[in-house]
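Have a look at the structure below, then the notes.
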Amino acid sequence: SSQPVTYETTTDFGVGAFLLAGSEVFKLAEGEIPIPEPEPENLAINTLIAFSSQQMDPYNPASNAVDGNEATRWSAETWPEWIEIDLGELKTINQIELIPYQQRAYQYIIESKENVNESYSTLVDKSDNIVGGYKLIDTLASVTTRYLKLTITGCHNYTGSWVSILEFKVFGDGSTAIEIPVERNHI
């Protein structure tokens, strides 16, 4: 008698949907459904202190690499190109993410130091990288640092001469970034 189903049909479907929603809320309250943890804080946001070069203002400045916005990018022409960030104080870090423009397989080195007068030490050497993707993730043993330097040295299967980085993210304090699948359309 309830066929065809319309926006006015409630007898067979409305009560069931209401009860189903209530049972899911009950499960949530009882702890049966895990609540996803929030993504940890990106320690690199707005920490840029130096860079090798950038595309002419106002287009794609180096500050875009650490602005927290994956819709912007830092671009610079030639290899190698680098940015340097200051976390403001000593931090324990354990994961770094590089989000490349157009999922390019950038080749790069990440260095760190605790004090401004020290020399940099290599944390990550992906100078032979041949894998691209939405995120290039480097998981580290816990490292205490304040300054980080990202140097892009080349790009596998890319014939252009531009470095373009959407975001450089740093996570720490005992947590790692939670992978939340996001469907993206890249042009």
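The values are calculated or read from the model by the stated rules, or taken from the named source; none is laboratory data. Computed from a prediction, not measured in an experiment: that's the story for all the values here. Virtual Cβ from ideal backbone geometry, glycine too; neighbours counted across all protein chains shown. When the accessible area is computed, the model is the full protein with side chains, heavy atoms only, and any ligands, DNA or RNA have been set aside. Shrake-Rupley method; radii C 1.70, N 1.55, O 1.52, S 1.80 Å.
Within the range 23-48, residues that are within 15 Å of Leu148 (Cβ to Cβ) have Cβ atoms under 9 Å from residues that are at pLDDT below 80 and assigned to a loop (DSSP other than H, G, I, E, B) in these pairs: Asn42/Ala177; Leu43/Asp173, counting only partners at least 6 apart in sequence or on another chain. One residue stands out among those in the range 50-100 that are in contact (Cβ under 8 Å) with a residue 60 or more places away in the chain and aromatic (Phe, Trp, Tyr): the one that is nearest to Pro40 (Cα to Cα), which is Trp74. Screening Gln103 on (1) on the phi > 0 side of the Ramachandran plot; (2) touching a Ser or Thr at 6+ places or on another chain (Cβ under 8 Å); (3) at pLDDT 95 or above shows it passes everything except condition (2).
For Trp79, the conditions (1) open to solvent by 60 Å² or more (accessible area, probe 1.4 Å); (2) touching a strand residue (DSSP E or B) at 6+ places or on another chain (Cβ under 6 Å); (3) within 20 Å of Val170 (Cα to Cα); (4) modelled with pLDDT under 95 are fulfilled apart from (3).
Scanning the range 98-121 for residues that are buried (at least 19 other Cβ atoms within 10 Å of the Cβ) and among the charged types (D, E, K, R) yields a count of 2.
Would you point out the residue of the range 54-76, among those that are aliphatic (A, V, I, L, M) and under 9 Å from Leu166 (Cα atoms), that is surrounded by the most Cβ atoms within 10 Å (Cβ to Cβ)?
Going through the range 54-76, the residues aliphatic (A, V, I, L, M) turn out to be 56, 62, 65-66, 71, 76.
With under 9 Å from Leu166 (Cα atoms) added as a condition, the list becomes 65-66, 71.
On the way: Ala65: 29, Val66: 24, Ala71: 8.
Top of the filtered list is Ala65.
Here the condition is being open to solvent by 50 Å² or more (accessible area, probe 1.4 Å) and β-branched (Val, Ile, Thr); of Val124, Val131, it holds for Val131 alone.
Could you run through the range 121-139 and say how many residues are in contact (Cβ under 8 Å) with a residue 24 or more places away in the chain and farther than 14 Å from Leu87 by Cβ? Step through it out loud before you land on a result.
The first filter runs over the range 121-139 and keeps only residues in contact (Cβ under 8 Å) with a residue 24 or more places away in the chain, leaving 123-124, 127, 129-139.
Narrowing further to those that are farther than 14 Å from Leu87 by Cβ: 124, 127, 129-139.
Selection size over the range 121-139: 13.
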